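Undergrad: Got a structure for you, questions after.
No lab work stands behind these numbers, since they all come straight from the coordinates. Only a predicted model underlies this, so the values are computations on that prediction, with no experimental measurement involved. Every residue, glycine as well, gets a Cβ built from its backbone with ideal geometry; the counts of neighbours run over all protein chains shown.
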Amino acid sequence: MTIIKQLFKYVLAIACIVPLSIKAQTLTNFNSKGQQVTRFSKLGDAIDAHDGEIAYFNGTYYLYGTSYGCGFEWGHKDAPFCGFEVYSSKDMVNWTDWGQLFDASTPVWQTRCNGNTYGCFRPHVIYNKKTKRYVLWINVYDNRVGYRVFTAESPIGPFIEQTEPKLAVNNDAAMAGLNNGDHDTFVDDDGKAYLAYTDWHAKGAIAIEQLSDDYLTGTGKVIQAVTQSRTEAPSLFKRKGIYYLIYSDPNCGYCGGTGASYRTAKSPLGPWSDGIKISDNSCGGQPSFVSSIKLKTGDVFLFGSDLWNNAAKNESLANYYWAPLKFNEDGSIKPIECENTVAIPSAAKTAKPSTLNYAPGCDIKSTTTRTNTFKAAKTGLLTTLHISAFKSAYPDAELQITFSAAGDDKPLKTFKVKSEKLSWSPKNLILYPEIKVTAGKTYTISVSSTTAKGCYGLEYDSATKDSAEPTFLYKVDIASR
C-alpha cells in the first residue's frame, strides 16, 4: 500500500486543480422508507471511516475517519485501536479504499489509543501551500494538549508524526485525560490556519486558535468560550466574508440524534454571535464536519453527520448523512431538511444510484438461519461466492455457509469461517465453492451459526429487511464448461 501511495502523489501533482465541467450527482442518504443505507467501497466492503471529514483536494473528495472494524470499543479495556482510514472518490458514490493514514498496529499507537485509553478520533486534513504538505490533526487523550500532528506529501499519506503541538487552552492541565476534545482545522483565504476545539475543562465550551505558519502548532492567539458549555464537534468555514461555526448542541457522544447549531463572526477570533439551532437531531446523528468545496460554478458547503448506531461502543455499522447546506439571502443557514436523496457536484461521469439499498442486520446465531436462492444462469463451475458479512459482540462459534440444490437436504459444499477471520464492519467475504451447477436449476445459500454469544450479520436489501426471509447481499461467479 505504501508503494501505491507514493505513486499516487506523483499522479496527484499533475492533476487538474479545477475540473473542466461539473455535473450533478444524486447521493442517497436514506431509502424511500427513511432508513439508513450502507455505503460501500469499490472492493465491496462497507466504508469504515467515522467521526472525521470529507476534504476536497484537486477535484477529488477524500473521506477521512476512525476505523472500528478490527474491534475497537470505546471503554472496553481489551479493545485494539484500528487506526484511521482514507477513501477517495470523484463522485462521492464510488469510493477507493487507500488503507490507513499511518501504521496504527505498532505498540506505541496501541498504547496511546486502545481501549485502556479514551481512544483516538477525529482525523482532519488541510493543505499548506507554503510547505507543500498535507497536515493531519487527530484528537488523543494520552498527552496534555489532546492532539497529535502529522504531515504527508499526498492526501492519502503515509502521514509522519511531527513534534507534539502546543495550544493556549489547558496547557497546564494534567498530562493525560479529558483536556481538549473534538476539533476542526480551517484554512482562510490568506493562508492562515485555525483550530476550533472543545475545552473539556470548561465543560464543553469551544475555543478557536490561530495556528503557526506551518500549521503544526498553536500561536497563542485564541478566543475562548465561543460557546458556553455542553457543545462539541465544531466545524469552521467561511462564506462570502462571513465565518461560520457549526457544532453539536448539546454534546452527546455516539447519540443517534443530536442538535446542530451555528454562530457567525467577521473574524475567526470573533466576536461571535449567539447560537442559532438548525436541526434538533442532525438527521438521526451528530454533526461531524462542513467541507468547503470550491468549484467554478460556486462554492458548496457539504454538511456531514455521523449516524451513530444506537450508542454502540463499537461503531462499525454507523452510517452517514451528507448534504449541501442551504443559505438565505442574508447569509443565515436554512434549517436542515434531512433529505433521502440530494444533488452534489461531481467532477466525473455521474454514477447511477443503486437500485437496491442495503443495511446491516446482525441476527445470525443459534436461533436464526438465513437462506436465499438463486437460479444458475448457465451450466458450469460455480467458482466464487462474494458475500458481505460481519460479526458483533464476540461470537463463540463459527459462521457456517452452505450450498445445496433446492429441495435436496444433502449439502453440495459447506464452509466454516472462524470468528477471528471476520471484521466488525461488513466486508466482502470471498469463498471458492468449486461446485458444478446446471443452467435453470435453483440452488440455496444458507448462513447459520450455533453461537450463543453475540451474532453474525449480513447486508440486507432494505426493501425486504423486515420480511421473514430478507434478501442478503451476495454474488456468485459461474465459469462455463
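Undergrad: For a 18 Å ceiling on Cα separation, which of these pairs sit above it: LYS238/LYS326; LYS391/LYS427; LYS378/LYS465?
TA: Working: LYS238/LYS326 14 Å; LYS391/LYS427 10 Å; LYS378/LYS465 29 Å.
Pairs exceeding the cut-off: LYS378/LYS465.
Undergrad: Grab every C-alpha pair in the chain, bin the distances at 10 angstrom width from 0 up to the longest one, and report whole percents.
TA: Cα pair-distance distribution for the chain, in percent: 4, 19, 29, 25, 14, 6, 2, 0.
Undergrad: Here's something else I'd like to know. Quick one: net charge around GLU53, please, counting Lys, Arg +1 and Asp, Glu -1 for every other residue with C-beta under 14 Å from its C-beta. Can you show the working numbers first?
TA: Working: positive: ARG122; negative: ASP51, GLU85, ASP182, ASP184, ASP306.
Spelling it out: positives minus negatives among the neighbours equals -4.
Undergrad: Apply the Karplus parameterisation 6.51 cos²θ - 1.76 cosθ + 1.60, with θ equal to phi minus 60°, to every residue of region 302-315 and state each ³J(HN,Hα) to the nearest whole Hz, in sequence, with x for glycine and proline.
TA: Each residue of region 302-315 in turn: 8, 8, x, 10, 7, 8, 4, 8, 6, 6, 4, 6, 9, 9 Hz.
Undergrad: Something else about it: Between beta-carbons, use under 14 Å as the cut-off and find the net charge around THR464, counting Lys and Arg +1, Asp and Glu -1. Don't jump to the answer; show the numbers that get you there.
TA: Details: positive: LYS33, ARG370, LYS465; negative: ASP363, GLU459, ASP461, ASP466, GLU469.
Charge balance in the 14 Å sphere: -2.
Undergrad: Rounded to the nearest 20 debye, what is the charge dipole size of the chain about its Cα centre when +1 sits on each Lys and Arg Cβ and -1 on each Asp and Glu Cβ? Intermediate values should be presented prior to the final figure.
TA: Details: 51 positive and 47 negative charges, 260 e Å.
For the chain, the charge dipole is close to 1260 debye.
Undergrad: I'd like the orientation of helix 2-13 relative to the chain: the angle between its Cα long axis and the longest Cα principal axis, in ° from 0 to 90, rounded to 10.
TA: So the inclination is approximately 60 degrees.
Undergrad: With labels modelled as points extended 7 Å from the Cα through the Cβ direction, what inter-label distance (nm, one decimal) is found for LYS77 paired with ILE430?
TA: 4.1 nm
Undergrad: With Cβ to Cβ distances under 13 Å as the rule, what net charge do the other residues near ILE278 carry (K, R +1; D, E -1)?
TA: Working: positive: ARG263, LYS277, LYS326, LYS334; negative: ASP249, ASP280, GLU337.
Around ILE278, the charge tally is +1.
Undergrad: For Cα pairs less than 8 Å apart in space and 6+ apart in sequence, what is the mean separation divided by the residue count of region 358-480, i.e. the relative contact order in percent? Please list the in-between numbers first.
TA: Numbers: 321 pairs, mean separation 57.2, N = 123.
Answer for region 358-480 is 46 percent.
Undergrad: Follow-up. Going Cα to Cα from LYS130, which lysines come in below 20 Å? Please leave out same-chain ones fewer than 8 positions away.
TA: List returned: LYS9, LYS192, LYS294.
Undergrad: A further question on this structure: Where in region 122-146 is the amide nitrogen less than 20 Å from a point lying 7 Å along the Cα-to-Cβ axis of THR96?
TA: Answer for this model: 125-127, 134-135.
Undergrad: Given an 8 Å cut-off on Cα distances and at least 6 residues of separation, report the relative contact order of the chain as a percent. The partial results should precede the final answer.
TA: Details: 1333 pairs, mean separation 65.6, N = 481.
Relative contact order for the chain comes out at 14 percent.
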